[in-house]
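Participant: This is the structure, below, for whatever I ask next.
We did not get these values from a lab; they are worked out from the coordinates using the rules stated. Just so it is clear, the model here is predicted, and its values are computed rather than measured. For neighbour counting, all protein chains shown are included, and Cβ atoms are generated from backbone atoms with ideal geometry for every residue, glycine included.
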């Protein structure tokens, strides 16, 4: 089969517009303290081996503000005398280096294409940053993003001690709420990712290897113009599916196996973009066994309950609890948990083992933020923004996008569960936009009922 000739026709890919970037820069600038400067540094390049680099991924904060794709660069936003200043430090044009690593924007490109009112070669970092620090009453800088820049900045800042603020407090709150331009990009990433999952289901059969299905998925991503995978693709067959972040993807798929695929693309920028995040689990031979179907439909019921709960004004933690409630009840009926309650019975004084709990078989959360990063930024608790995961007390609001991904994992060697369930690992994941009237499932194009999966694979 020629994969290129069988690709589904999709709508034209959207693009981030200059108007979007201008608005973001303006909104960011408006929230800066008076007489302050925000200094944002690029992600470092990472060596794979010797003189070979990993594909470069720009800092998502810079991608968000002006889309500049190149390494070894700095974006400075100033707010002096009530006026906006945008300064960039970039790699200068260099014909010899461009022959090896690609054409650079240079100083003039930074001004023409990325909104810099002033731009300088990166070699002028000390001079430019020292001048900015001398003018600023406060400075925004996030350490631990790029060690090389950290060292340079720290030397300059120590001799000009100004109050130090974290720009992420502003930027990450902005990134949490998606604009219509961002939603177009995320819907496209979701649509392409959904097509890749459908294609993987169609190509799957006993004897195919996990990495062959990975190749199908990532071919589809690239064929529609995605930057690439949004994260390491997981293609886990049989008992591999109980490994949450399994990425070896090198086993032959056998008849009777379930195949768990957690994979999606990112789209929208030269070196990074907006992510989708999809998981589906399906039978390698196209037909669920009775035990597989029983567990699968329980996970699906829990996911539907969680999606129904995901609405504006609801704490994010309630989405997780909606899924857990269904799973506990189902596992109790299956004879695996001793109670459907969230609180297991206390172990007796002479008991040799603790009573089983849901977390023995469902050990991860149901949701995380989604955006420019697959595990995206934003406070889960507004009263404690430093707690990156925490209790997820934050109320959902329109414009937020979350994943909803419950699962159950029964290891093949776990004798605590009936034999018929052992070796079954199932996760079902969709991307959900919170709206004024409820929610929108961005990844709805991938089949997920037993009937629809079996029909597609037939």
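Participant: Tell me the angle of helix 125-135 to the major Cα principal axis of the chain, expressed in degrees between 0 and 90 and rounded to the nearest ten.
Facilitator: Relative to the chain, helix 125-135 is tipped by roughly 80 degrees.
Participant: Kindly put 47, 78 in sequence by how many other C-beta atoms sit within 10 Å of each C-beta, fewest to most.
Facilitator: Values: 47 10, 78 23.
The most exposed by this proxy come first: 47, 78.
Participant: Sort the following peptides by mean Cβ neighbour count (other Cβ atoms within 10 Å, averaged over residues), highest first: 67-76, 9-18. All intermediate terms of the calculation are to be shown ahead of the outcome.
Facilitator: Details: 67-76: 22.5, 9-18: 12.3.
Packing proxy ranking, top to bottom: 67-76, 9-18.
Participant: Further question: Evaluate the distance, in nm, between pseudo-label points positioned 7 Å from the Cα of residue 248 and of residue 160 along their respective Cα→Cβ axes.
Facilitator: 5.4
Participant: Follow-up question, since we're still on this one. Using a basic spin-label model with each label point 7 Å from the Cα along Cα→Cβ, how many nm lie between residue 363 and residue 212?
Facilitator: For the pair residue 363/residue 212, the computed spacing is 3.1 nm.
Participant: Taking a quarter of the surface of the convex hull around the Cα atoms of the range 388-458, what do you get in nm²? Present the calculation step by step, with values, prior to reporting the outcome.
Facilitator: On the way: hull surface 31.4 nm².
Across all orientations, the range 388-458 yields a mean hull projection of 7.9 nm².
Participant: Mind giving me the nanometre distance, one decimal, between the label points for residue 301 and residue 18, set 7 Å out from Cα along Cα→Cβ?
Facilitator: With each label placed 7 Å out from Cα toward Cβ, I get 5.6 nm.
Participant: Dividing the convex hull volume of the alpha carbon atoms of the chain by its residue count, what do you get in Å³ per residue? Walk me through the numbers before you get to the answer.
Facilitator: Numbers: hull volume 85.0 nm³, N = 458.
Given the Cα convex hull of the chain, per-residue volume reads 185 Å³.
Participant: In the P(r) worked out for the range 394-433, what percent of Cα pairs fall beyond 17 Å? Walk me through the intermediate numbers first.
Facilitator: On the way: 394 of 780 pairs.
Value for the range 394-433 (Cα pairs over 17 Å): 51 percent.
Participant: Here is a follow-up. Taking the Cα centre of each part, how many Å lie between the range 417-458 and the range 67-93?
Facilitator: Computed from Cα coordinates, the inter-centre distance equals 43 Å.
Participant: Pull out a ≥ b ≥ c, the square roots of the eigenvalues of the alpha-carbon gyration tensor of the range 18-174, then state rounded if a/c is under 1.5, prolate if not and a/b is larger than b/c, and oblate in the remaining case.
Facilitator: Details: a/c = 1.63, a/b = 1.40, b/c = 1.17.
It comes out prolate by the Cα gyration axes.
Participant: Taking the Cα atoms of the range 79-124, report the difference between the largest and smallest coordinate on each principal axis, in whole Å and largest first.
Facilitator: Extents along the principal axes, in whole Å: 43, 21, 11.
Participant: Calculate for the chain the 222 nm mean residue ellipticity that helices alone would give, adding -39,500 (n - 2.57) per DSSP H run of length 4 or more and normalising by residue count, nearest 500 deg cm²/dmol.
Facilitator: Calculated from helices alone, the mean residue ellipticity at 222 nm is -10500 deg cm²/dmol.
Participant: With N set to the residue count of the range 134-219, report its C-alpha Rg divided by 2.2 N^0.38 Å to two decimal places.
Facilitator: Numbers: Rg = 22.8 Å, N = 86, 2.2 N^0.38 = 12.0 Å.
For the range 134-219, the normalised Cα radius of gyration is 1.91.
Participant: How would the range 283-383 be classified by its alpha-carbon gyration tensor: rounded, prolate or oblate, with rounded meaning a/c under 1.5 and the a/b versus b/c comparison settling the rest?
Facilitator: Numbers: a/c = 2.13, a/b = 1.25, b/c = 1.70.
Oblate shape, in that a/c is at least 1.5 and b/c is the bigger or equal ratio.
Participant: In units of 2.2 N^0.38 Å, what is the alpha-carbon radius of gyration of the range 13-65?
Facilitator: Working: Rg = 15.5 Å, N = 53, 2.2 N^0.38 = 9.9 Å.
That works out to 1.56 for the range 13-65.
Participant: Computed over the Cα atoms of the range 94-151, what is the ratio Rg over Rh, Rh following Kirkwood?
Facilitator: 1.03
Participant: Classify the range 331-458 as rounded, prolate or oblate, taking a ≥ b ≥ c as the square roots of the eigenvalues of its Cα gyration tensor: rounded when a/c is under 1.5, otherwise prolate if a/b is larger than b/c and oblate if not.
Facilitator: On the way: a/c = 2.60, a/b = 1.31, b/c = 1.99.
Oblate.
Participant: Further question on the same structure: Computed over the Cα atoms of the range 149-272, what is the ratio Rg over Rh, Rh following Kirkwood?
Facilitator: On the way: Rg = 20.5 Å, Rh = 17.3 Å.
Across the range 149-272, the Cα-based Rg/Rh ratio is 1.19.
Participant: Any idea how far the Cα center of the range 267-299 sits from the one of the range 177-226, in Å?
Facilitator: Centre-to-centre distance over Cα atoms comes out at 11 Å.
Participant: Taking the number of other C-beta atoms within 10 Å as the exposure measure, put 265, 324, 204 in order starting with the fewest.
Facilitator: Numbers: 265 32, 324 19, 204 25.
Ranked by crowding around the Cβ, least crowded first: 324, 204, 265.
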